[in-house]
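Reviewing the structure listed below.
The values are calculated or read from the model by the stated rules, or taken from the named source; none is laboratory data. Here the structure is a predicted model, which is why all the values come from computation and not from measurement. Cβ coordinates were reconstructed from backbone atoms using ideal geometry, including for glycine residues, and neighbour counts include every protein chain displayed. Protein only, heavy atoms only, side chains kept; ligands, DNA and RNA dropped before computing areas. Shrake-Rupley method; radii C 1.70, N 1.55, O 1.52, S 1.80 Å.
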Amino acid sequence: QFQLVESGGGLVQPGGSLILSCAASGEILHYGIGWFRQAPGKEREGVSCTSSGNDHTNYADSVKGRFTISRDNAKNTVYLQMNNLKPEDTAVYYCAADWGFYRCSGSEKEYGYWGQGTQVTVSS
């Protein structure tokens with residue numbers, strides 16, 4: 001069964017950085033991978049995604065210029081580099097996989113596989 005495991009969350013001060021990892025139990029070559037987050041009392045929202053086949057990436061406006069998504073197909077791992085973190089970035093971050101080439105969707109409905117999430121807290 002295809003599984004995803006996130007890691008790298010933690011407590012960081014405003015302006016700090018974190019790198020989240022999403023490790024898959026199988027090959028990610030044929031999957032689009034997305035990062036989502038859910039803050040307390042809010043709906044889950046798309047943060048970023050990366051497609052297979054053309055390495056297209058996309059970002060939510062709230063994280064553009066601060067977050068960078070990358071994928072290492074050889075390691076079956078996708079990363080989310082988060083810089084200049086703000087308190088409003090505090091959330092549980094999830095990665096998800098969407099089967100198929102050229103898939104990079106901000107809609108969680110498109111993703112069939114989800115990790116368990118990792119907590120990111122930005123606070124002084």
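What the table shows:
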| item | result |
| --- | --- |
| Fluctuation leader among Ser62, Ser105, Ser70 - the chain, Gaussian network, Cα springs under 10 angstrom | Ser62 |
| Kirkwood Rh in Å, taken over all unlike Cα pairs in the chain | 14.1 Å |
| Amide N proximity, segment 95-118 versus His30 label position 7 Å along Cα-to-Cβ, cut-off under 19 Å | 96-105, 110-114 |
| Cα-centre dipole for segment 41-94 with unit charges at Cβ (Lys and Arg positive, Asp and Glu negative), debye to 20 | 100 debye |
| Distant-in-sequence amide H partners of Gly16 (H built 1.01 Å from N, under 5 Å) | Leu85 |
| Label point 7 Å beyond Cα of Ser62 along Cβ direction - residues of segment 90-124 with amide nitrogen under 12 Å | 90-93 |
| By accessible area with a 1.4 Å probe, ligands and nucleic acids excluded, highest first: order of Ser52, Ser124 | Ser124, Ser52 |
| Computed FRET value (nearest 0.05) for Asp72 with Thr121, which takes r as the C-beta separation and R₀ as 22 Å | 0.25 |
| Heavy-atom accessible surface of the chain: percent carbon and sulfur, 1.4 Å | 46 percent |
| Under the Karplus curve 6.51 cos²θ - 1.76 cosθ + 1.60, θ = phi - 60°, whole-Hz ³J(HN,Hα) for segment 115-124, x wherever Gly or Pro sits | x, 8, x, 9, 7, 10, 10, 10, 7, 8 |
| Whole-Hz couplings from phi, Karplus 6.51/-1.76/1.60, listed for segment 39-50; x for Gly and Pro | 8, x, x, 10, 6, 5, 10, x, 10, 6, 8, 9 |
| Cα centroid of segment 84-120 to Cα centroid of segment 1-49, whole Å | 5 Å |
| Size descriptor, Kirkwood hydrodynamic radius, that averages inverse alpha-carbon separations across segment 1-49, Å | 12.9 Å |
| J(HN,Hα) series, segment 55-62, from Karplus relation 6.51 cos²θ - 1.76 cosθ + 1.60, nearest Hz, glycine and proline x | 6, 5, 10, 8, 9, 5, 4, 5 |
